[in-house]
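Data block below; observations after.
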Amino acid sequence: MFEIVAFYLFAFLTVSMFSITVFTNNSLYALSSLAAGMIFISAFFFLLGAEFLGAVQIVVYTGAVMALYAFGMMFFDSLSTVKENIKNPRLVFLLTGISSLIVVLIFTAPIIESNINAHYPVNTELGNSQQVGIILFTKYLVPFEIAAVMLLVAMIGGIILAGKKMNVSYTELSEEQIDALEKEEKERNK
Amino acid sequence: MSLNAYLILSAILFFIGMLGVLRRKNLLMLFFSTEIMLNSVNVGLAAVSKFQEDITGQMFAFFIVAVAASEVAIGLGLLILWYKKKGSINLDTLQSMKG
């Protein structure tokens, strides 16, 4: 009973929040509703017994990814409404086609399901976090380290891409030097 | 709840994200839509993991979270560069990259 109520409540909340994200013309509303939707998504992970994944969802998505988007939006004029002109009649055909295909696949999934054996079965004696740790650091150690290297490369790449012209430290310069630099910059942009 | 309920929810969220990818012209909104799609797939993977009693689905969801985080870092850096260059993050300004 509890699970059914929670499932439908959070399903309604996530679908409405993500719809706001997709259909609004204000990028600030889009960002806030996306963050809210991410938090509601974590409720499904807790319902499904994947507590560690739920915590990761809150920490990584709402903590890191949303903060990064909020930081990035400072560079764009985020308060002005987004102007878009779209005339695409093929969109409806494409979406209905793909969605009907996926719905058919979902309803035939139980037929395929009967032939599947669990590769790494869930151990009921251990908690979810403990189990995730055991599998992640034994069976999935190499992909885990590749993911770590990928995150490092992405971090350095992001800093280099976003932080061009950061070789001059303004805190170490005097007022006159800063004025001279700004004048030089203005003349270069002309 | 059955596996189908979770999978249908995942599909609905995926279509919302896909509609966003196909409909929006603002690159930041496109990024938001891809995040929605990645999240919906994570829900599906966790649901299959629960009902098949197999932890592999959760592992894949973790790697998807890692990929999404690095995608945001690189993508946002490129977006800031593009905005500095063109003064707009509309998808139509990318037409100049056409070969």
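The values are calculated or read from the model by the stated rules, or taken from the named source; none is laboratory data. Everything numeric here is computed off the predicted structure, so don't read it as measured data. Virtual Cβ from ideal backbone geometry, glycine too; neighbours counted across all protein chains shown. For the accessible areas, the whole protein counts, side chains as well, though only heavy atoms, and no ligand, DNA or RNA atoms are used. Shrake-Rupley method; radii C 1.70, N 1.55, O 1.52, S 1.80 Å.
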Exercise for the section: Quote the total accessible area buried by chains A and B together, excluding ligands, DNA and RNA, probe 1.4 Å, nearest 100 Å². Expected result: 6700
Problem - Peptide-level mean, for A:8-19, of C-beta atoms on other protein chains within 10 Å - result: 4
Exercise for the section: Could you look at chain A and say what percent of its accessible area is carbon and sulfur, using a 1.4 Å probe and all protein chains? Expected result: 68
Exercise for the section: Treat each spin label as a single point 7 Å out from the Cα along the C-beta direction, and report the A:M1 to A:A109 distance in nm. Expected result: 2.8
Problem - Part-to-part distance (alpha-carbon centres) for region A:118-179 and region A:26-81, which is given in Å - result: 18
Handout entry: Residues listed by number, region B:80-94, amide nitrogen under 15 Å from A:L91 label point at 7 Å toward C-beta
Key = B:91-92
Completion exercise
Here the whole-number average of other chain Cβ atoms within 10 Å per Cβ of B:36-48 is 5
Handout entry: Angle between chain A longest axis and helix A:90-113 axis [Cα atoms, degrees, rounded to 10]
Key = 40
Exercise for the section: Over the protein assembly as shown, average the accessible area per residue using a 1.4 Å probe and give it in Å², no decimals. Expected result: 56
Practice task
With all protein chains present, calculate the accessible area of A:L68 using a 1.4 Å probe and round the result to the nearest 10 Å².
Solution key: 60
Completion exercise
Computed, not fitted: 222 nm per-residue ellipticity of chain B from DSSP H runs ≥ 4 (each -39500 (n - 2.57)), nearest 500, equal to -27500 deg cm²/dmol
Problem - Cα long-axis angle, helix A:27-47 against chain A (0 to 90 degrees, to the nearest 10) - result: 30
Practice task
Report the label-to-label distance for A:E175 and B:V67 in nanometres (one decimal), using points 7 Å from each Cα along the Cα→Cβ vector.
Solution key: 5.5
Problem - Sorted peptide list for A:20-33, A:91-104, criterion being average Cβ within 10 angstrom, highest first - result: A:20-33, A:91-104
Completion exercise
Mean other chain Cβ within 10 Å across A:123-130 is 1
Practice task
Treating the angle as unsigned and between 0 and 90°, give the value, to the nearest 10°, between the Cα long axis of helix A:128-138 and the longest Cα principal axis of chain A.
Solution key: 70
Exercise for the section: Order A:M150, A:M66, A:M155, A:M1, most accessible first, counting only protein heavy atoms with a 1.4 angstrom probe. Expected result: A:M1, A:M155, A:M150, A:M66
Exercise for the section: Report the accessible area of A:T138, computed with a 1.4 Å probe over the heavy atoms of all protein chains in place, in Å² rounded to the nearest 10. Expected result: 90
